[in-house]
Amino acid sequence: MQMSLLLRQKLPDFPWDALAPYADKARTHPNGAIDLSVGTPVDPTPDFIQSALSESANSPSYPLTAGTPELKDAIHKWAEKTLGATGDFSVLPLIGSKEFVAWLPTFLESQKVLIPEIAYPTYLVGALLGQSQATPVAIDASSWPHADLAWVNSPSNPTGRVHSESEFKAAIDWSRKNGSVVVSDECYLEFGDSKTPTSIMKYTNGDNKNVLAVLSLSKRSSMAGYRAAFIVGDPALISRILEVRKHAGMMVPLPVQKAMIAALADEKHVEIQRARYNARRATLAPALVEAGFTIENSEAGLYIWATRKESSWDSVAWLSELGIIATPGIFYGEKGGEHIRIAMTATDQNIADAAARIRSKVSPH
């Protein structure tokens with residue numbers, strides 16, 4: 001026991017604990033706090049998805065880790081239509097995408113993991129849990145060193161940046177030259193704004209060896225509380241991952257699988273949700289610009305990535321005086337140290353109020 005504790009790499013402090021004092025300050029605002037820090041959906045789960053869940057509530061048996069044939073078929077058809085996936089590929093449901101990100105290096109026994117230099121913190125956490133060496137890298141895969149596993153993320157959390165076709169193809173070329181796994185986190189794929197995101201699966205030319213895409217229904221269908229996600233890609237790799245998950249009892253509950261089938265069969269609710277997020281960005285971004293912020297990337301997804309060329313904590317503190325809670329970019333890597341991430345996961349009214357508060361500070365009269 002003592003040896004295993006000594007060998008385990010120390011996890012970083014949970015970043016949102018450091019944000020707590022600024023959140024406390026924001027809550028003292030006379031009109032209350034507007035929390036734009038955590039990307040948790042606030043819009044209702046569509047009624048037809050709720051119905052699919054409740055109608056399957058009688059679920060006395062263990063669900064299949066691999067997913068029901070109906071769910072696998074639904075994901076497969078959706079992947080062909082929406083991702084442009086071709087060739088031989090498999091699918092696998094997940095208990096949300098975060099657990100997969102956190103455990104994949106362990107499942108694959110990866111020794112070296114590449115993560116984006118501005119990145120979702122769980123990529124690093126997963127490498128640490130798996131006793132892997134994590135190396136931050138730039139987007140251009142032609143400059144990547146050898147590793148067992150590399151993460152790409154488009155649209156990016158936190159920046160909202162969208163990968164180009166050439167960037168995806170470079171990542172695939174790196175995978176093939178090194179015999180290494182490349183995994184594309186595409187959880188915000190259907191939320192394009194000024195750019196339309198595409199999937200890595202579109203560029204494999206049907207050769208999906210060592211390539212995976214990770215998708216989630218948390219934001220797409222406002223199902224974060226359901227813990228519903230899935231992977232698409234290399235059948236051999238997914239079979240290997242499935243065997244570990246079966247042993248570990250990592251099963252998506254059957255009612256959730258039924259709800260996933262319903263969600264994947266409908267595009268209208270996704271169009272509505274995309275329009276909501278983009279309208280909120282259009283409301284808040286101009287107010288930030290008036291306050292001296294530069295909006296960078298923010299082409300898709302749920303976030304505004306902004307800078308005033310000051311410490312991210314100074315920007316967070318300035319907003320907290322207005323009762324607005326934002327996330328410091330330093331949470332996502334050293335290169336985010338002068339940026340903030342603002343989530344569009346707040347009601348239309350709260351977004352409008354946040355914009356008004358910022359404008360009142362800039363032009364009090």
**Asked** Picking from 24, 73, which residue would you name as being free of Cβ contacts under 8 Å to residues at least 40 places away in the same chain and outside the structural domain of residue 240 (by TED's automatic domain parsing)?
**Response** 24
**Complete:** Checked 93, 105, 116 against criteria (touching a Ser or Thr at 6+ places or on another chain (Cβ under 6 Å) and crowded, with 23+ Cβ neighbours inside 10 Å); the one match is 105
**Item:** Filter pass, residue 287 being modelled with pLDDT of 95 or more, more than 19 Å from residue 38 (Cα to Cα) and crowded, with 18+ Cβ neighbours inside 10 Å
**Value:** yes
**Asked** List the pairs whose first member sits in segment 203-230 and is at positive phi, whose second member is acidic (Asp, Glu) and assigned to a loop (DSSP other than H, G, I, E, B), and whose Cβ atoms are under 9 Å apart, counting only residues at least 6 apart or on separate chains?
**Response** 206/88; 210/234; 222/43
**In segment 138-150, residue farthest from residue 294 (Cα to Cα) [restricted to those that are part of a loop (DSSP other than H, G, I, E, B) and among the hydrophobic types (A, V, I, L, M, F, W, C)]** = 147
**Asked** Across segment 15-42, what is the number of residues that are acidic (Asp, Glu) and under 18 Å from residue 305 (Cβ atoms)?
**Response** 1
**Request:** Go through segment 290-365 and tell me which strands (runs of 3 or more DSSP E), entirely inside it, have 1 or more residues that are of a type in the set (A, V, I, L, M) and more than 17 Å from residue 22 (Cβ to Cβ).
**Result:** 294-296, 303-307
**Asked** Somewhere in segment 38-54, is a residue of a type in the set (A, V, I, L, M), touching a strand residue (DSSP E or B) at 6+ places or on another chain (Cβ under 8 Å) and under 30 Å from residue 326 (Cα atoms)?
**Response** yes
**Inter-residue pairs, beta-carbon under 7 Å, first farther than 9 Å from residue 65 by Cα and in segment 250-263, second charged (D, E, K, R) and in a helix (DSSP H, G or I), 6+ apart** = 261/70
**Asked** Within the group 324, 304, 330, 340, which residue is buried (at least 24 other Cβ atoms within 10 Å of the Cβ) and touching a His at 6+ places or on another chain (Cβ under 9 Å)?
**Response** 324
**Request:** Would you kindly identify the helices (runs of 4 or more DSSP H) lying entirely within segment 17-120 that contain at least 3 residues that are under 21 Å from the mean Cα position of the chain (by Cα) and on the phi > 0 side of the Ramachandran plot?
**Result:** none
**Item:** Index of the failed condition, residue 281 passing every other in (1) within 20 Å of the chain's Cα centre (by Cα); (2) of a type outside the set (Gly, Ala, Ser); (3) surrounded by fewer than 16 Cβ atoms within 10 Å (Cβ to Cβ)
**Value:** (3)
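The values are calculated or read from the model by the stated rules, or taken from the named source; none is laboratory data. These numbers come from a predicted model, not from an experiment. Every residue, glycine as well, gets a Cβ built from its backbone with ideal geometry; the counts of neighbours run over all protein chains shown.
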